[in-house]
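S.K.: Quick one: the structure is below, questions incoming.
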Amino acid sequence: MPQSSDLGRGAVVRGRSIRRRRRVVGGVAFAAVVAIAVPVGLEVGDSVSRNDGQVAPATTGPTTPTEITGPRQVQLDLTALPLADEPPQIPYVEGQTVVVGDERYNVDATGDLKAVAAFDGGAHAYVSRNGAAELVRVTPEGSEVLGAAAGTPIASADLRWNAYAIGDVDKFGNVLRGITLTLFDSQDGSTSEINLPAANYVDIYALVDGTVYLRPQSSDGTELPLQSWAAGEAAPTVVSGSFAITAVSPNGDLVADLTKVTDFGTQTCSDVVDLVSGATLWATCKNQVLGYSPDGSFAWAGPEYADGYAPVEIAILDARTGEVIRELQGPGDIDHPVFFMNASFEDEDHLLIRAEQDGQTALVRCTVPTGECEAALPPVDGTSDTTGSPYLLTNL
């Protein structure tokens, strides 16, 4: 994703240790998407206007289609899954420790660890404490609080870049308008910053080829249009190509876009746009695309509407046709549902899922072509709404 293919010595060593599986932008907590499900000014039944072709596309497309076998519907019982031979091959969090291949970074901060973005040599963590949130940089030397968090951090696919936002707070701990968006380059430790004068929070959606895609939010809840920004640019540029983005493919070819809200918010419609041709590939009112595989062949999606704690099913789709390849659900027992908290593609053919069931959390690896699933990390006690999730997927 970032502009240089030189990942630095540490990243090369780490890459060998984790079997060279490609990392990917596409791990998005479903709750984060629900939070932006109704864009500013979009009333029930309204469509979202869009002018195509504003995000610079890559020129590469998906690889040769993969043969799909096995059932479309896959039922998961976390306690019955076989244990995998190897742990997750993308960065993840276990307890207060960020795991990146053979490297481990302990987040020495009081509070609940809510989101993490790893980089080559450390991580940035969003830590919630007493109703406020801090942005913490974690390295082998220790943890450093950078300021009040004004958005969750995100990493580029090769872990060279991180993007995060911090701001000043009032006496009650509320983040004030005029936050700072930072692009961190782990190759040399340098940072590039811009001020977002009207915003006190920012949703950061993707980091593609060194460019950040973001939507600033003001203190009155007004969310501004999708914007892009890269190091060296004086200010973000409004992206008119996709007003209500839910996902960008790692190669920059595809954008998933919320297009309509119907039935008083109980159903949303979206489409997928090929930015190379400018064509809308397909549209649906059944799924919200939340992430893509590294080559843009597959997408994972939540339901069109999620009310309550978390979705009880997700889908894996053909990213270019919208065909549903897998429907992942719980065991069918309403007393023991599986909640799908978020997911990220581990490589072109494997989806890693943070799932909860009966007070426990596991990281589940599902093979897209076959539908087979296993526990990349076994179920352990703890969930997001109790003691805090024992596992997290990092924001890529």
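S.K.: Which residue pairs have Cβ atoms closer than 8 Å, lie 6 or more positions apart in sequence or on different chains, and pair a first residue in the range 88-111 that is touching a residue at least 12 places away in the same chain (Cβ under 8 Å) and surrounded by fewer than 17 Cβ atoms within 10 Å (Cβ to Cβ) with a second residue that is among the charged types (D, E, K, R) and assigned to a strand (DSSP E or B)?
M.R.: Taking only residues 6 or more apart or on different chains, the pairs are THR110/ARG129.
S.K.: Which residues, taken from the range 120-169, are touching a residue at least 24 places away in the same chain (Cβ under 8 Å) and of a type in the set (D, E, K, R)?
M.R.: ASP120, GLU134, ASP158, ARG160
S.K.: Please identify the pairs in which a residue from the range 225-238 that is closer than 14 Å to ASP203 by Cα has its Cβ atom under 8 Å from the Cβ atom of a residue that is buried (at least 18 other Cβ atoms within 10 Å of the Cβ) and of a type in the set (D, E, K, R), counting only partners at least 6 apart or on another chain.
M.R.: Qualifying pairs under 8 Å: PRO225/ARG215; LEU226/ARG215; GLN227/ARG215.
S.K.: Within the range 151-180, which residues are basic (Lys, Arg) and crowded, with 23+ Cβ neighbours inside 10 Å? So that I can check it myself, show each step before the final result.
M.R.: As a first pass, look at the range 151-180 and keep what is basic (Lys, Arg): 160, 171, 177.
ARG160, the sole residue that qualifies.
S.K.: Hey, THR64 hits all of (1) modelled with pLDDT of 95 or more; (2) of a type outside the set (Lys, Arg); (3) over 22 Å from the mean Cα position of the chain (by Cα) but one; which does it fall short on?
M.R.: Unmet for THR64, out of (1) modelled with pLDDT of 95 or more; (2) of a type outside the set (Lys, Arg); (3) over 22 Å from the mean Cα position of the chain (by Cα): (1).
S.K.: Quick one: how many residues across the range 296-323 are surrounded by fewer than 21 Cβ atoms within 10 Å (Cβ to Cβ) and either of a type in the set (D, E, K, R) or outside any strand (DSSP E or B) (or both)?
M.R.: 13
S.K.: In addition: Within the range 228-252, how many residues are closer than 18 Å to THR180 by Cα and in contact with a Ser or Thr (Cβ under 6 Å, 6 or more places away or on another chain)?
M.R.: 4
S.K.: Could you tell me how many of the residues in the range 224-249 are modelled with pLDDT of 85 or more, touching a Pro at 6+ places or on another chain (Cβ under 7 Å) and of a type in the set (Gly, Ala, Ser)?
M.R.: Residues that pass the stated criteria total 1.
Let's see how each residue does on (1) free of Cβ contacts under 8 Å to residues at least 40 places away in the same chain; (2) in contact with a His (Cβ under 6 Å, 6 or more places away or on another chain); (3) closer than 27 Å to VAL239 by Cβ:
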{"residue": "LYS260", "(1), (2), (3)": "no, no, yes"}
{"residue": "VAL276", "(1), (2), (3)": "no, no, yes"}
{"residue": "GLY302", "(1), (2), (3)": "no, no, yes"}
{"residue": "TYR305", "(1), (2), (3)": "no, no, yes"}
{"residue": "ASP318", "(1), (2), (3)": "yes, no, yes"}
{"residue": "ILE325", "(1), (2), (3)": "no, no, no"}
{"residue": "GLY332", "(1), (2), (3)": "no, no, no"}
{"residue": "PHE340", "(1), (2), (3)": "no, no, no"}
{"residue": "GLY371", "(1), (2), (3)": "no, no, no"}
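S.K.: Further question on the same structure: Before we move on, is LEU363 at pLDDT 95 or above and in contact with a strand residue (DSSP E or B) (Cβ under 8 Å, 6 or more places away or on another chain)?
M.R.: Answer is yes for this residue.
S.K.: Separate question: Could you list, in sequence order, the residues of the range 334-351 that are within 23 Å of THR246 (Cα to Cα) and surrounded by fewer than 24 Cβ atoms within 10 Å (Cβ to Cβ)?
M.R.: PHE339, MET341, ASP347, GLU348, ASP349, HIS350
S.K.: Now for a different question. Please find, among GLY221, GLY252, GLY210, GLY265, the residue that is modelled with pLDDT of 85 or more, at positive phi and not charged (D, E, K, R). Show your work before the answer.
M.R.: Details: GLY221 fails: modelled with pLDDT of 85 or more; GLY252 fails: modelled with pLDDT of 85 or more; GLY265 fails: modelled with pLDDT of 85 or more.
Answer to the check: GLY210.
S.K.: Now for a separate question. At least 3 residues that are more than 22 Å from THR259 (Cβ to Cβ) in each: list the strands (runs of 3 or more DSSP E) lying fully within the range 187-247 that qualify.
M.R.: 190-196, 201-208
S.K.: Right, something else. Within the range 382-396, can one find any residue that is in contact with a helix residue (DSSP H, G or I) (Cβ under 8 Å, 6 or more places away or on another chain) and touching a residue at least 60 places away in the same chain (Cβ under 8 Å)?
M.R.: Looking for residues that are in contact with a helix residue (DSSP H, G or I) (Cβ under 8 Å, 6 or more places away or on another chain) and touching a residue at least 60 places away in the same chain (Cβ under 8 Å), one finds none in the range 382-396, hence no.
S.K.: Among the residues in the range 148-161, are any among the polar types (S, T, N, Q), in contact with a strand residue (DSSP E or B) (Cβ under 6 Å, 6 or more places away or on another chain) and outside any loop (DSSP other than H, G, I, E, B)?
M.R.: No.
S.K.: Out of all the residues in the range 130-147, is one or more within 20 Å of the chain's Cα centre (by Cα) and of a type in the set (Ser, Thr, Tyr)?
M.R.: no
The values are calculated or read from the model by the stated rules, or taken from the named source; none is laboratory data. Just so it is clear, the model here is predicted, and its values are computed rather than measured. When we count neighbours, we look across all protein chains shown, and the Cβ atoms used for this are built from the backbone with ideal geometry, even at glycine.
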